[in-house]
Amino acid sequence: MGKFSVKLARGAVKVIGSFPLKVHYAFAGFITWILRDVMRYRNHVVMTNLARSFPEKKYDELKQISDEYYKHLGELFVEAIWFGASDYKRLYKSGLVTITNPEVFNEVFEKTPNTTVLFSHCGNWELLGGFLGYRTATGEKMAFEEKHIRVVYKELHDKFSDEFFKLNRVNALETVGTECEIESSKILRTAIKGRNEKAVYIYIADQYPYMSAYNVGEFLSQPTLAMLGSAGVANKLGHAVLYLKMKRVQRGKYEMSFIPICEDASKMTPEEITRKYYDILEAEIRETPHNWLWTHKRWK
């Protein structure tokens with residue numbers, strides 16, 4: 001029954017998602033209204049997170065960020081549905097995502113054994129699977145292929161949601177499918193086993209810790225706990241580490257850019273790598289504050 005339900009839901013997504021992205025955006029405002037004004041989905045969490053993160057801002061400023069965030073959330077939802085029915089050709093033609101500096105990644109990938117990419121809940125993280133279908137500002141192709149991609153994720157408690165979103169994220173990956181996704185508890189063993197095989201390990205690293213926690217210090221004006229897992233694997237195996245920034249420029253337009261953290265993680269401690277990641281993330285959030293996942297209970 002579970003697998004049948006997932007297939008049924010995926011079939012519905014493919015049908016609905018086949019409509020042009022502009023059609024989906026026509027419904028984004030309605031979804032925003034439902035989430036923000038009808039369901040009042042985590043309104044208190046959003047305002048509490050914003051107030052503690054930006055103590056220098058007045059209520060009106062925080063409310064404006066909140067409203068912009070819920071608008072972004074509605075658009076994020078319809079983009080994920082549209083993405084679930086897309087392939088590389090459709091992604092490229094849409095211009096939804098542009099990679100601004102592919103040369104930064106290509107240089108690192110070509111001269112280092114393995115690469116760790118640290119992502120966040122900025123922009124639309126559900127679009128990660130479309131890397132090879134996105135435009136590059138310089139026209140230069142990305143150096144890696146589908147077989148090199150390893151997306152690290154935390155298994156959801158709800159089996160239906162876990163399987164559905166896993167399939168939706170990797171939909172555009174035409175040859176490797178869900179094999180590119182690695183559950184976080186298996187990452188160290190997988191990375192050690194494949195240490196001599198060139199790969200790109202992609203982590204979303206800004207969640208509240210679900211494993212052993214490290215006090216990273218102050219992040220967005222608050223004492224913050226973080227996980228060292230991604231940095232620890234990179235450190236142990238000497239990966240190059242890059243931060244992947246995803247800026248929402250306007251409706252239907254995201255820009256991805258790579259920011260180097262280190263060329264050889266064995267020369268930094270996991271704590272130093274994690275601190276640098278959070279410094280870059282905070283700068284990104286302060287640049288476009290509505291672009292982060294404020295409904296997440298990041299500080300508990």
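The values are calculated or read from the model by the stated rules, or taken from the named source; none is laboratory data. Everything numeric in this text was worked out from a predicted model, so none of it was measured. Glycine also receives a Cβ, built like all others from the backbone with ideal geometry; neighbour counts cover every protein chain displayed.
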Checklist entry - What single numbered condition from (1) assigned to a loop (DSSP other than H, G, I, E, B); (2) in contact (Cβ under 8 Å) with a residue 12 or more places away in the chain; (3) of a type in the set (Lys, Arg) fails to hold for ARG52? => result (1)
Checklist entry - When you go through TYR254, TYR243 one by one, which is the residue that is touching a strand residue (DSSP E or B) at 6+ places or on another chain (Cβ under 7 Å), among the hydroxyl-bearing types (Ser, Thr, Tyr), assigned to a strand (DSSP E or B) and within 14 Å of LEU118 (Cα to Cα)? => result TYR243
Checklist entry - When the range 233-257 is examined, which residues are found to be surrounded by fewer than 20 Cβ atoms within 10 Å (Cβ to Cβ) and out of contact with any Asp or Glu (no Cβ under 9 Å at 6 or more places or on another chain)? => result LYS236, LEU237, GLN250, LYS253, GLU255, SER257
Checklist entry - For the range 212-229, how many residues meet the condition of being among the polar types (S, T, N, Q) and at pLDDT below 95? => result 1
Checklist entry - Considering the range 221-232 alone, what residues qualify as being surrounded by fewer than 20 Cβ atoms within 10 Å (Cβ to Cβ) and either part of a loop (DSSP other than H, G, I, E, B) or hydroxyl-bearing (Ser, Thr, Tyr) (or both)? => result SER221
Next on the checklist: Show the residue pairs meeting these rules: Cβ distance below 7 Å; 6+ apart or different chains; first residue within the range 280-300 and within 9 Å of ASN49 (Cβ to Cβ) and of a type in the set (Lys, Arg); second residue in a loop (DSSP other than H, G, I, E, B) and at pLDDT below 95.
Outcome noted: LYS297/TYR208; ARG298/TYR208
Checklist entry - Can you pull out the residues in the range 74-121 that are within 19 Å of LYS141 (Cβ to Cβ) and of a type in the set (Phe, Trp, Tyr)? => result TYR88, TYR92, PHE105, PHE109
Checklist entry - Right, VAL23: over 23 Å from the mean Cα position of the chain (by Cα), at pLDDT 95 or above, of a type in the set (Val, Ile, Thr) and under 18 Å from ALA85 (Cα atoms) or not? => result yes
Checklist entry - So which of LYS89, LYS93 is without any contact (Cβ under 8 Å) to a residue 12 or more places away in the chain and either farther than 24 Å from ILE261 by Cα or under 18 Å from the mean Cα position of the chain (by Cα) (or both)? => result LYS93
Checklist entry - Which ones in the range 26-42 are of a type outside the set (Gly, Ala, Ser), over 17 Å from LYS297 (Cα atoms) and in a helix (DSSP H, G or I)? => result PHE27, PHE30, ILE31, THR32, TRP33, ILE34, ASP37, VAL38
Item to check | Matching option when the condition is closer than 21 Å to VAL46 by Cβ and modelled with pLDDT of 95 or more, among ARG275, ARG286 | outcome: ARG286
Next on the checklist: Just to verify a result, which residue in the range 260-300, among those that are among the basic types (Lys, Arg), assigned to a helix (DSSP H, G or I) and out of contact with any strand residue (DSSP E or B) (no Cβ under 7 Å at 6 or more places or on another chain), is farthest from GLY74 (Cα to Cα)?
Outcome noted: LYS267
Item to check | Answer residue from the range 129-166, given it is surrounded by 16 or more Cβ atoms within 10 Å (Cβ to Cβ), at pLDDT 90 or above and hydroxyl-bearing (Ser, Thr, Tyr) and is nearest to the chain's Cα centre (by Cα) among those | outcome: TYR134
Next on the checklist: Residue under question is ARG90, and the condition is that it be touching a helix residue (DSSP H, G or I) at 6+ places or on another chain (Cβ under 9 Å), basic (Lys, Arg), crowded, with 16+ Cβ neighbours inside 10 Å and more than 30 Å from PHE219 (Cα to Cα); does it hold?
Outcome noted: yes
